[in-house]
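J.: I am attaching a structure below and will ask some questions about it afterwards.
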Amino acid sequence: MNTDYDLSVIIPTFNEEENIAAIVEAVDDVLTASGLRGEILIVDDNSRDGTIGIAEGLAARKTNVRLIVRMHDHGLSQSVVDGFSHARSGIFQVIDADFSHPPELIPSFYEAIQRSNDVAIGSRYMKGGSIEAWPLKRRIISLGATAFGRALFPDITDPVSGFFAVRRSVVADAPLKPRGYKILMEVLGKGRWDSFVEIPFVFKDREEGESKLKPATILDYLKQCSDIAFFSLRHRNGAVWHEWKKIFSFGLVGISGILVNMGLLYLLTEYAGLYYLLSALIAIELSIMNNFFWNDVWTFKSPKNLRLERKLHRFASFQFVAIGGLLINLTVLYVLTEIAGVYYLLANLAGILIAFAWNYMVNRHYTWKS
Ligand code: GDD
């Protein structure tokens, strides 16, 4: 590691002759204006246009610019990982060459890492972030990819962003298996990190050259998601593993709720002599209270000193979510049985699973949102 540099800006390129000079100048200007000593690494996949010639010229003129030309294992993620291994500083910033990502934000990423975040992520999907001039098809693909990514990293609004910064230590020993376009997912799934911050930005579609995203990239991405999920199961650490544990705990609490519900229904009807529908109402409410209690102390671990008002708010929210779940379960059961002709027990299983996903997601993101 070379402490002469505060950060290393990695720019992956493939056929970027229209953009390469301008982006390097822009990044360099931002670094100079903010007083940051940064090296700029152009990691090129043996472009067929004039990118290499222009980049060689830049590297010859500017002492902080280096060009790495890759001859094998073509790919955006692979190039970024190569960039990590050639980088000399302790903080790595990744940015596209085509001005989709605003270089002016680089100092904010740097400060975020300095402020003790391990990862800083440029987000298009948080307040203040957006996408300009994307065709509908591209938006839909991106939303799908982001939804998959968020299933693995629910706290991160844009886990597939190509604009991010990481500390060297996050990726130094990480068994990254780069492929496709979503290098950040690989870093988040396999790197060693505790804290992250997201920085909103406006993604501008390229004006020069064209996107290299291909259908095979989407398949690669799906493989990558399942690989990250299994990696987390094998290694039992990291953000994905913590999420699995929460889902599992939430499921166990749900099972305990079923037992409470059934037990009370039986006791109240058989021994207290209540009308069975009244017993059921009491049993349902007490099972909701049971589930709230265990999720509060175990699954989502509310702080002990939480104000009563806040706790009641959480309970009210949990209660409404549970009613929503019940309605979802009944609707799925009805629609699948009556309209699609599915066997009712199978239809109910689908209803339970969809209601479970609803209950988990809404409670995870709303009820227990700190
Ligand atoms: N070295 C190398 N090798 N660079 C590549 C390759 C490659 O195979 N393919 C693309 N690049 C470079 C481009 O030259 C550009 O600098 C950057 O990677 C982005 O390429 P685009 O093809 O324009 O990407 P995109 O706009 O489709 O995707 C961007 O947005 C996605 C979010 O929707 C990237 O930032 C993705 O990482 C990001 O997930």
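The values are calculated or read from the model by the stated rules, or taken from the named source; none is laboratory data. Since we're looking at a predicted model, the values are computed, not measured. Counting neighbours? That spans all protein chains shown, and the Cβs are built from the backbone with ideal geometry, glycine included.
J.: If you take the residues of the range 188-216 that are of a type in the set (G, A, S) and either touching an Asp or Glu at 6+ places or on another chain (Cβ under 9 Å) or at pLDDT 85 or above (or both), which of them is farthest from the ligand (Cβ to nearest atom)?
T.: Checking each candidate, the answer is S195.
J.: Something else now. Given the residues A145, A151, A174, A165, which is the only one that is assigned to a loop (DSSP other than H, G, I, E, B) and in the same structural domain as F92 (by the TED database)?
T.: Checking each option against the conditions leaves just A174.
J.: Just one of the numbered conditions (1) within 14 Å of the ligand (Cβ to nearest atom); (2) surrounded by fewer than 18 Cβ atoms within 10 Å (Cβ to Cβ) is not true of L219; which one?
T.: L219 satisfies every listed condition except (1).
J.: Moving on to the next point. Residue check: is D73 in a helix (DSSP H, G or I), over 23 Å from the mean Cα position of the chain (by Cα) and charged (D, E, K, R)?
T.: no
J.: Quick one: count up the residues across the range 91-128 that are closer than 20 Å to K182 by Cα, part of a loop (DSSP other than H, G, I, E, B) and either free of Cβ contacts under 8 Å to residues at least 60 places away in the same chain or away from the ligand (no atom under 12 Å from the Cβ) (or both).
T.: 4
J.: Starting from residues that are more than 16 Å from the ligand (Cβ to nearest atom) and in a loop (DSSP other than H, G, I, E, B), keep the ones in the range 1-20 and report whichever is modelled with the lowest pLDDT.
T.: N2
Here is a yes/no grid of residues against (1) outside any strand (DSSP E or B); (2) more than 14 Å from the ligand (Cβ to nearest atom):
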position: I54; (1), (2): yes, no
position: G57; (1), (2): yes, yes
position: L67; (1), (2): no, no
position: S77; (1), (2): yes, no
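J.: Which of the residues that make up the range 21-47 are more than 29 Å from the chain's Cα centre (by Cα), within 16 Å of the ligand (Cβ to nearest atom) and crowded, with 18+ Cβ neighbours inside 10 Å?
T.: The one that is more than 29 Å from the chain's Cα centre (by Cα), within 16 Å of the ligand (Cβ to nearest atom) and crowded, with 18+ Cβ neighbours inside 10 Å: S47.
J.: Looking for whichever is touching a His at 6+ places or on another chain (Cβ under 6 Å), under 24 Å from Y110 (Cα atoms) and not charged (D, E, K, R) here; the options are F196, F163. Which one fits?
T.: Step by step, each of F196, F163 is checked, and only F163 is touching a His at 6+ places or on another chain (Cβ under 6 Å), under 24 Å from Y110 (Cα atoms) and not charged (D, E, K, R).
J.: Note down all Cβ pairs under 7 Å where the first residue falls in the range 63-80 and is within 7 Å of D45 (Cα to Cα), the second is within 8 Å of the ligand (Cβ to nearest atom), and they're at least six residues apart or on different chains.
T.: V69/D44; R70/V43; R70/D44; R70/D45; R70/S79; H74/D45
J.: Turning to a different aspect of this structure: Evaluate the range 180-187: report whether one residue or more is near the ligand (Cβ under 9 Å from one of its atoms), buried (at least 17 other Cβ atoms within 10 Å of the Cβ), of a type in the set (S, T, Y) and at pLDDT below 90.
T.: The answer is yes; a qualifying residue exists.
J.: Evaluate the following for S232: is it more than 9 Å from the ligand (Cβ to nearest atom), in a helix (DSSP H, G or I) and crowded, with 19+ Cβ neighbours inside 10 Å?
T.: Here the answer is yes, as S232 does meet what is asked.
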